[in-house]
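These notes concern the structure reproduced below.
The values are calculated or read from the model by the stated rules, or taken from the named source; none is laboratory data. Owing to the predicted nature of the structure, the values given are computational and were not obtained by experimental measurement. Methodologically, a virtual Cβ is constructed for each residue, glycine included, from the backbone with ideal geometry; neighbour enumeration extends over all protein chains shown.
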Amino acid sequence: MISSSLSFRYPPARRSNTADDYHGVRVEDPYRWLEDADDPETVAWVEAQNALTRSQLEGALRDALVNANSLPEERRPMDPELRRRLTMELAPEVAELGQLIGRDLSAWSRVA
């Protein structure tokens, strides 16, 4: 069974005072430190993000998704409750994607 609410505790990301000046315009870049992939602080942050991702992918949601399509030659329809939960969880991202690409993706967010 999938938990009734997906909540994440994201690893904190330090904000620096890094900024550049482009033709008189100050552009802040507080997360530039993450661009140094070999820096121990960046490595630790990425490992923490990966641990969060694995904690979700290795849980009940992963099991439900795998089980929904466990027989490739016999494609069963997705469990209606799982479809509803996924649709609701992904609706904000679908709306944002639609805005980014300038298309109406509301059909993707309809709960069947």
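Failed condition for GLY98, given (1) under 17 Å from PRO12 (Cα atoms); (2) assigned to a helix (DSSP H, G or I), with all others met?
So the condition that GLY98 fails would be (1).
Hey, among GLU41, GLU93, which residue is modelled with pLDDT of 90 or more, closer than 22 Å to PRO11 by Cβ and assigned to a helix (DSSP H, G or I)?
GLU41
Among (1) polar (S, T, N, Q); (2) under 24 Å from ARG110 (Cα atoms); (3) without any contact (Cβ under 8 Å) to a residue 24 or more places away in the chain, there is one condition THR53 misses while meeting the rest; what is its number?
Against the list (1) polar (S, T, N, Q); (2) under 24 Å from ARG110 (Cα atoms); (3) without any contact (Cβ under 8 Å) to a residue 24 or more places away in the chain, THR53 comes up short only on (2).
List every residue pair whose Cβ atoms sit under 7 Å apart, with the two residues 6 or more apart in sequence or on different chains, where the first one lies in the range 63-91 and is within 16 Å of SER106 (Cα to Cα) and the second, anywhere, is surrounded by fewer than 15 Cβ atoms within 10 Å (Cβ to Cβ) and modelled with pLDDT under 80.
The qualifying pairs are ARG83/ALA112; ARG84/VAL111; THR87/VAL111; MET88/VAL111; GLU89/LEU6.
Just to be sure, is THR42 touching an Asp or Glu at 6+ places or on another chain (Cβ under 6 Å) and surrounded by 11 or more Cβ atoms within 10 Å (Cβ to Cβ)?
Yes: the conditions hold for THR42.
For GLU47, all conditions in the list (1) modelled with pLDDT of 95 or more; (2) exposed (fewer than 10 other Cβ atoms within 10 Å of the Cβ) hold save one; what is the number of the exception?
It fails just one condition, (2).
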